[in-house]
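Worksheet for the structure shown next.
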Amino acid sequence: MADAAPKSRHKLHVEVPPGEHTVFMRREFDYPRELVWRVYTDGQQMKHWWGPSKYDTVVHEFDFRNGGKWRVDNVSKDGKDVHPFKGEFSNIQPIDEFTWTFGYADMPAGSETYKFIDLGEGRTRLETISIFPDVATRDAIASGGMEEGARETYDRLDALLAKSTGAK
Amino acid sequence: MTPDRLDAAFSALADPTRRAILARLALGETTVNELAEPFDMSLPNISKHLKVLEGAGLISRSRDAQRRPCKIEPEPLKEVSVWIETYRKLWEERFDRLDDYLNTLHAREESQNG
């Protein structure tokens with residue numbers, strides 16, 4: 001599908017400060033900031049990349065302006081399994097950052113702030129700050145359609161456990 | 001694991017002393033006195049941390065009244081790790097797909113401009 005071979009993928013850094021309802025992530029892209037911003041803030045483009053690949057992404061609403069709403073479903077290929085997400089945009093500062101509230105089904109919404117940092121030479125770092133209203137919501141969002149992933153993950157637990165209890 | 005318990009595990013892990021205590025207990029069960037040694041801390045202070053860890057289900061203490069050795073309980077730690085890994089997987093896939101899509105778009109725009 002792509003004209004050029006995919007470039008090497010960058011590692012995703014995830015930080016979950018213990019005892020907080022916050023998750024920090026950062027990830028680099030070998031593409032200009034203007035392009036990353038444009039794709040990320042355009043509902044028409046969202047169906048091409050958002051959501052796990054085993055789901056279709058259906059964008060019902062994506063009104064990208066302060067106070068504008070967004071509503072997106074992740075639908076399983078057989079149409080039986082629907083994960084509805086919705087929220088509202090704020091803090092739009094092209095092409096530096098924006099915030100949206102992020103709700104899953106009828107659970108209370110949290111917020112996610114995305115920062116687009118120009119690294120020069122056509123490279124961009126995306127930094128995100130997600131603030132969850134409570135742990136139950138955070139867990140529901142993490143596990144939405146990801147039960148299989150969680151099971152696979154159990155196989156890799158020993159190493160992780162060693163890491164999380166490791167002395168400094 | 002209930003969300004409350006996961007929450008308790010996250011907040012218990014927020015403290016560096018408690019993480020160090022867990023790291024020590026990962027090597028094997030030990031008494032409060034032995035635990036206190038490497039830390040420049042009074043016994044009541046260490047006991048306070050142990051109480052938080054015990055409340056979060058991260059450690060258990062034997063009923064042996066004399067020594068009351070502490071033991072690590074791995075299950076809640078597993079839950080915390082599973083949560084982080086699940087969340088990471090979701091976003092890893094999302095960003096990898098974004099990468100692919102950016103690649104396609106970028107190539108298309110380059111060829112239009114060139």
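The values are calculated or read from the model by the stated rules, or taken from the named source; none is laboratory data. Just so it is clear, the structure is predicted and the values come from calculations on it, not from any experiment. In this analysis, Cβ positions are derived from the backbone assuming ideal geometry, glycine residues included, and neighbour counts consider all displayed protein chains.
Here are a few things to note about the model shown:
- Qualifying residue in the range B:65-72 (condition: within 14 Å of another protein chain (Cβ to nearest Cβ), closer than 16 Å to B:D4 by Cα, in contact with a helix residue (DSSP H, G or I) (Cβ under 8 Å, 6 or more places away or on another chain) and basic (K, R)): no
- The set of residues in the range A:36-63 being under 22 Å from B:R108 (Cβ atoms), in contact (Cβ under 8 Å) with a residue 12 or more places away in the chain and not charged (D, E, K, R) consists of A:V36, A:W37, A:Y40, A:T41, A:G43, A:Q44, A:M46, A:W50, A:T57, A:V59, A:F62.
- Test: residue in the range B:71-87 that is more than 27 Å from A:Y114 (Cβ to Cβ) and more than 13 Å from the chain's Cα centre (by Cα): yes
- First in the range A:101-118 and over 12 Å from A:S90 (Cα atoms), second anywhere and acidic (D, E) and surrounded by 15 or more Cβ atoms within 10 Å (Cβ to Cβ), Cβ under 6 Å, 6 or more apart: A:K115/A:E97; A:K115/A:E127
- Test: residue in the range B:101-110 that is touching a Ser or Thr at 6+ places or on another chain (Cβ under 9 Å) and at pLDDT below 90: no
- Members of the range B:16-30 that are surrounded by fewer than 16 Cβ atoms within 10 Å (Cβ to Cβ), more than 15 Å from B:P74 (Cβ to Cβ) and more than 8 Å from every other protein chain (Cβ to nearest Cβ): B:T17
- Within the range B:73-87, if we keep just the residues that are farther than 11 Å from B:F10 by Cβ and more than 7 Å from chain A (Cβ to nearest Cβ), the residue that is surrounded by the fewest Cβ atoms within 10 Å (Cβ to Cβ) turns out to be B:E75.
- A:T165 at pLDDT below 90, over 17 Å from the mean Cα position of the chain (by Cα), surrounded by 16 or more Cβ atoms within 10 Å (Cβ to Cβ) and within 11 Å of chain B (Cβ to nearest Cβ): yes
- Note on the range B:43-68: among residues that are in a loop (DSSP other than H, G, I, E, B) and at pLDDT 85 or above, the one that is nearest to B:A9 (Cα to Cα) is B:A56.
- Hits in the range A:15-44 - residues which are of a type in the set (V, I, T), surrounded by 17 or more Cβ atoms within 10 Å (Cβ to Cβ) and not in a loop (DSSP other than H, G, I, E, B): A:V23, A:V36, A:V39
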